[in-house]
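K.L.:
What follows is a single structure, and I will ask about it in a moment.
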Amino acid sequence: MNPTRSSNNAAMAAVRARTLLIIEDDLPIRRALRNALGDVAERLLEAPTGRSGIDIAATERPDLVILDLGLPDLEGVAVCREIRSWSPVPIVVLSARHSDAEKVQLLNAGADDYVTKPFSTAEFVARVRAVLRRARSPGATDVPTTVEAYGLTIDLLHRRVTRAGAQIRLTPIEWDILRTLVTNAGRTLTHQQIFEAVWGAASGSPQQYLRVHITNLRRKIEVHADRPELVVTEPGVGYRAELPG
């Protein structure tokens, strides 16, 4: 077994939160989540409605919120927006709905990840741990200045990309897209989120703009542009940087 991969897997398994909040009206699902997340948090709080979830999030300040969309009193997206308006707490959305448009709406509203029902318990726990791990290193001092992946060396400080010592020349837009994705590695960013980060604009046709630049970027940095490993497409939603484990 690869010792680096083993140590990374051990580090992922070691991620543990102080408090998690589950906002879910279905008691059997809450019970299943409580059992699955027993090793992830010291304390699990539960709320059966959106309003009680908002209140608990405000008073208890959990390390992560798991939010179901099918709540009896409020739309899940409204709960997400309300919590995000005053807290940076990571939010993982649970839903039986599979609409790409809904995923985009939730991610744009501030959700950190989106899991559709039915889901694998092991995968769900891994996703929660991944979000917790990302949340623990948000500061500039914790972001590595150099990222190595798939034979590339990405120097975020000096805006330089090399492969085997040879520089790969990117346009300013291509660099800004790559930097935005790599500094949010593992997190799916919507077309709109990338568009705003790169162009500083909240309007326009982000999907159309990005398609051309992503294609050109992949031709330069991917070993096989038609089978990208680093810049991965989330169909109908956006893109994410997938770094090796």
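K.L.:
Leaving out ligands, DNA and RNA, what percent of the accessible area of the chain is carbon and sulfur, probe 1.4 Å?
P.N.:
Numbers: 6250 of 12310 Å².
Carbon and sulfur: 51 percent of the exposed surface of the chain.
K.L.:
Taking springs between alpha-carbon atoms closer than 10 angstrom, which of G200, G50, G70 fluctuates most in the Gaussian network model of the chain?
P.N.:
Highest fluctuation among the options: G200.
K.L.:
D155: net charge of surrounding residues, Cβ under 11 Å, Lys/Arg +1, Asp/Glu -1, itself excluded?
P.N.:
In short, +2.
K.L.:
Next question, about the same structure. When ligands, DNA and RNA are left out and all protein chains stay put, how many square angstrom of accessible area per residue does the chain have with a 1.4 Å probe?
P.N.:
On the way: 12310 Å² over 245 residues.
Computed with neighbouring chains in place, this is 50 Å² per residue.
K.L.:
Could you tell me the relative contact order of the stretch 88-139? Use alpha-carbon pairs under 8 Å, at least six residues apart, and round to a whole percent. Intermediate values should be presented prior to the final figure.
P.N.:
Details: 43 pairs, mean separation 20.6, N = 52.
40 percent.
K.L.:
Which cross-chain or sequence-distant (5 or more) residues have an amide H under 5 Å from the amide H of L45, H modelled 1.01 Å from N in plane?
P.N.:
Sorted by chain and number, the residues that satisfy this are L20, L21, I22.
K.L.:
So for the stretch 56-180, what percent of the C-alpha to C-alpha distances run longer than 26 Å? Working shown, then result.
P.N.:
On the way: 3047 of 7750 pairs.
When all Cα pairs of the stretch 56-180 are counted, 39 percent exceed 26 Å.
K.L.:
Same structure again: Name the residue, out of A17, A96, A166, whose mean-square fluctuation peaks in a Gaussian network model built on the chain with Cα pairs under 10 Å.
P.N.:
The residue that fluctuates most here is A166.
K.L.:
Give me the net charge for the shell around L33: Cβ to Cβ below 12 angstrom, other residues only, Lys and Arg +1, Asp and Glu -1.
P.N.:
Working: positive: R30, R31, R34, K117; negative: E24, D26, E46, D68.
Summing Lys/Arg as +1 and Asp/Glu as -1 gives 0.
K.L.:
Okay, next question. Among I23, I168, I56, determine the one that fluctuates most according to a GNM of the chain built with springs between C-alpha atoms less than 10 Å apart.
P.N.:
Maximum among the listed residues: I168.
K.L.:
Take every Cα pair under 8 Å in the stretch 78-220 that's 6+ residues apart, average their separations, divide by the length, and report that relative contact order as a whole percent. Don't jump to the answer; show the numbers that get you there.
P.N.:
Numbers: 129 pairs, mean separation 23.0, N = 143.
About 16 percent, as a whole number.
K.L.:
Return the equivalent ellipsoid semi-axes of the stretch 125-245 as a descending list in whole Å, where each equals the square root of 5 times an eigenvalue of the C-alpha gyration tensor. The partial results should precede the final answer.
P.N.:
Values: eigenvalues 79, 76, 44 Å².
They are 20, 19, 15 Å, listed largest first.
K.L.:
Run lengths n ≥ 4 of DSSP H only: what is the helix-derived mean residue ellipticity at 222 nm for the chain, with -39500 (n - 2.57) per run over all residues, to the nearest 500?
P.N.:
-13000 deg cm²/dmol
K.L.:
In a shell of Cβ-Cβ distance under 14 Å around G238, excluding G238 itself, what net charge do Lys and Arg (+1) and Asp and Glu (-1) give?
P.N.:
Numbers: positive: K103, R187, R211, R240; negative: D100, E102, D112, D113, E196, E234, E242.
Taking every other residue near G238 into account, the sum is -3.
The values are calculated or read from the model by the stated rules, or taken from the named source; none is laboratory data. Worth saying up front: this structure is predicted, and the values here are computed from it rather than measured. Every residue, glycine among them, receives a Cβ derived from its backbone with ideal geometry; neighbour counts consider all protein chains shown. SASA here: full protein model, heavy atoms, side chains in, ligands and nucleic acids out. Shrake-Rupley method; radii C 1.70, N 1.55, O 1.52, S 1.80 Å.
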